[in-house]
Every structure is written in C-alpha cells, then in structure tokens.
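Structure first, commentary second.
The values are calculated or read from the model by the stated rules, or taken from the named source; none is laboratory data. Only a predicted model underlies this, so the values are computations on that prediction, with no experimental measurement involved. Here the Cβ positions follow ideal geometry from the backbone for every residue, glycine too, while neighbour counts run over all protein chains shown. Areas reflect the complete protein model, heavy atoms only, side chains present, ligands, DNA and RNA absent. Shrake-Rupley method; radii C 1.70, N 1.55, O 1.52, S 1.80 Å.
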Amino acid sequence: MNKTVKSRQAAALATPTDLGANATKDISGGLNILLADVFALYFKTKNFHWHVSGPHFRDYHLMLDEQADEIYAMGDPIAERVRKLGGMTIRSVGQITKLQRVLDNDAEYVTPEDMLAELREDNKQLTANMRTLHELCDEHNDVATASLIENWIDETEKRTWFLFEAGRRSGG
C-alpha cells in the first residue's frame, strides 16, 4: 500500500461542527451507548415477537412487531447524529455487546406476561437514560441532539404505556 493511501486511511473524519471537542466526545459517546441499547432492545423485542404464545398471541405479536420497527427506526438517526458531530459510531455487534445496558434474555421460554413486563422496564430505563443524555446535550448547548432525544423519549414512553396496558390483569 502506498504512503498516500495509508495517510488517507489514518486521517480523522473531521466533520465540521461549531461544538467543541469535549461536546463531540461526550455526546458522541453517549449516543453510541444509546445506539447499543437501541439495537439490544430491538433484538429483544423481535425475540419476544417471534416467541410469544398464548391466548393473546395475535395482539402481542403485532404490537411487538410494531414496537420493534419503531425502535429500529431510531438507529440510523442516532448513528448519523454521531457522524454530524464529528464522532465515530459503532462498527460491530461486539462493540454493541460491550456498550449495551439493556440486558439480553436468552431463556428458552418466557411467559407473555413476563415478556411485556421486561420490555416495559427496559423501555422505562431507556427513557431515563435518554433524559440523562438530554441533560448532557443541554450542558453543551447541542439543541439538535436534544430535540431528537425529546421525540425518542415520547415514542419510548408510548411503548412503555402500551406494554403496561397490555400487561394489566383484568379488574386490577
């Protein structure tokens, strides 16, 4: 490989931004952790979608598929925001595994009630984590990332609500 090609490969992807280096580092880092959580939650939601059973199968199956699509749709805007800030984003499943805070569920069988409760708690925690990231954006005056996070919080709260209502026992 010639020297020119090597120097281009080693060059930073210097995306122009008016935010400082600390903002790029801090917010990109937080967004990458969020991205890892989003992919982990997406896969867990699809896992439960594929394996749900019981008398409410159709309702839960369809709801989890819709929620998985909504979660997946967050991924690209998160990664693109990292790049817009001049940061580097996740490159592999291994990196997701290192960063994710959403726990996997590899159990062979999970009751539908436990699926809904686990996803409800995961979505609740995702909301709390996004609020913390929003505070970091406020500290660095990154209104664009904060604005995106506000929409994702609203979507995540809606998922939490649906999972709560779907998991309610009648009369309780």
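Selection over region 90-99 of residues that are crowded, with 16+ Cβ neighbours inside 10 Å and assigned to a helix (DSSP H, G or I) gives a count of 2.
Residues to consider are TYR60, TYR42, TYR72; find the one that is touching a Pro at 6+ places or on another chain (Cβ under 7 Å) and part of a helix (DSSP H, G or I).
When all the criteria are applied, what remains is TYR60.
Answer yes or no: is there a residue in region 3-25 that is acidic (Asp, Glu), modelled with pLDDT of 95 or more and loosely packed, with under 14 Cβ neighbours inside 10 Å.
Looking through region 3-25, none of the residues is acidic (Asp, Glu), modelled with pLDDT of 95 or more and loosely packed, with under 14 Cβ neighbours inside 10 Å.
Against the condition of a type in the set (S, T, N, Q) and touching a residue at least 60 places away in the same chain (Cβ under 8 Å), how does THR89 come out, does it pass? Judged against the criteria, THR89 is a match.
Just wondering, is there one or more residues in region 100-114 that are modelled with pLDDT of 95 or more, over 23 Å from PRO55 (Cα atoms), in contact with a helix residue (DSSP H, G or I) (Cβ under 8 Å, 6 or more places away or on another chain) and open to solvent by less than 60 Å² (accessible area, probe 1.4 Å)? Taking every residue of region 100-114 in turn, at least one turns out to be modelled with pLDDT of 95 or more, over 23 Å from PRO55 (Cα atoms), in contact with a helix residue (DSSP H, G or I) (Cβ under 8 Å, 6 or more places away or on another chain) and open to solvent by less than 60 Å² (accessible area, probe 1.4 Å).
Of all the listed residues (GLY86, GLY54), the sole one being open to solvent by 20 Å² or more (accessible area, probe 1.4 Å), on the phi > 0 side of the Ramachandran plot and out of contact with any Phe, Trp or Tyr (no Cβ under 9 Å at 6 or more places or on another chain) is GLY86. Within region 128-143, the set of residues being surrounded by 15 or more Cβ atoms within 10 Å (Cβ to Cβ) and out of contact with any Phe, Trp or Tyr (no Cβ under 9 Å at 6 or more places or on another chain) comprises ASN129, LEU133, HIS134, LEU136, CYS137, HIS140, ASP142.
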